[in-house]
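Reading through the C-alpha cells given below for one structure.
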Amino acid sequence: MTAVAHEPTTPAEGLLDIFLSLETPEGFRAELIEGEIVVTPPPDGDHEDYIGLIVNQVIRRSRTDMQFSGNKGLKLRSGGGCPKDHVIPDGTFAPTELRLYRGADSWMPCEGVAMVLEVTSTKPQTDREAKRRCYARAAIPLYLLIDREASSATLFSDPENDDYREHCTRPLGKPLTLPEPFAFDLETADFL
C-alpha cells in the first residue's frame, strides 16, 4: 500500500505543515505565533538564572504543589484564520495532581495550565505582545512576564478574548503577589 502525502487545502494548513517539518539547530526554538514562524536562539545565563529563581520559589512556597516544564510546547487557539499557535513558554506551571506533562508528544494542550512564564530575550516585543495575546486567547489564567529591558515583573490575569483584563507591574527588587493556586509573594530582589 502506498502512502499518499497530505496536500494542504488552505494556506494556514500549508504554514502549519512547514512549521512542523522545521529542523532547528540545537538549542534554538521554533514557534508558530499568530501566523508567523519565530526562531529564537539559545538563552543567555541571566535568562536561565531568572527562571531557576522563580521555579525554586514556586516549588518551595506555592500553596498548591506545582509541576514545572521549560520544554513542553503548547498548542493554543489562534485568531484570524491562522493555524493553531504553537508556543514554547520559558516555563509552564500546572498543579502536580493533573500530571499534564506525561505523554510522548512535545506539543500539549493548555487546559489545566495555571501559569506561563516568559523572560524577555532577543525579541522582547514577542513576549510583551504576541505571546500575551496567545496565552489570553487560550484562557491561561496567569501570565508572568519578567521584562529585563524594563527591569520589571508583570503578572497578567483575568484573560478575555485576545488580552488579559488585569495586570500588576512591579519593578525588579519589589515583591509581586501571585494569587491562588500559588498564594505567595514572588521575591525579585535576586534578579538585580
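Mind jotting down the three principal axis lengths of the chain based on Cα atoms? Whole angstrom, largest first.
60, 35, 33
At what distance in nm do the modelled label points of Ala183 and Trp107 sit from each other, each positioned 7 Å from its Cα along Cα→Cβ?
3.7 nm
Return the long-range amide H neighbours of Val119 (sequence gap of 5 or more, or a different chain), with a cut-off of under 5 Å between placed amide H atoms.
Asp90, Ile146
Can you tell me how much longer the chain between Ile18 and Thr96 gets when fully stretched, taken as 0.36 nm per residue apart minus their C-alpha distance, in nm with one decimal?
So the chain would gain 24.7 nm between Ile18 and Thr96.
In nm, to one decimal, how far is the modelled label at Asp162 from the one at Glu48, with both set 7 Å along Cα→Cβ?
With each label placed 7 Å out from Cα toward Cβ, I get 3.6 nm.
Quickly work out the Ala150-to-Thr10 label distance, labels modelled 7 Å from Cα along the C-beta direction, and quote it in nm with one decimal.
Distance between label points: 3.3 nm.
Kindly provide the pair-distance distribution of segment 18-112 built from C-alpha pairs, with 5 Å bins from 0 and whole-percent values in order of increasing distance.
The calculated distribution, bin by bin, is 2, 12, 19, 21, 19, 16, 8, 2, 0.
Could you run the Karplus curve 6.51 cos²θ - 1.76 cosθ + 1.60 with θ = phi - 60° over segment 115-123 and give me ³J(HN,Hα) per residue in whole Hz, x for Gly and Pro?
7, 10, 10, 10, 10, 4, 9, 6, 10
List, in order, the whole-Hz ³J(HN,Hα) value for each residue of segment 45-57 obtained from phi through the Karplus relation with A = 6.51, B = -1.76, C = 1.60 and θ = phi - 60°; use x for Gly and Pro.
x, 4, 4, 5, 4, 4, 4, x, 4, 5, 4, 4, 5
Short version: ³J(HN,Hα) in whole Hz for each residue of segment 144-156, in order, from phi by Karplus 6.51 cos²θ - 1.76 cosθ + 1.60 (θ = phi - 60°), x for Gly and Pro, what are they?
9, 10, 9, 9, 5, 5, 8, 6, 9, 10, 10, 10, 9
All of the numbers you see were taken from the coordinates with simple rules; none came from a lab. Just so we're clear, the structure is a prediction, and the values are computed from it rather than from any experiment. When we count neighbours, we look across all protein chains shown, and the Cβ atoms used for this are built from the backbone with ideal geometry, even at glycine.
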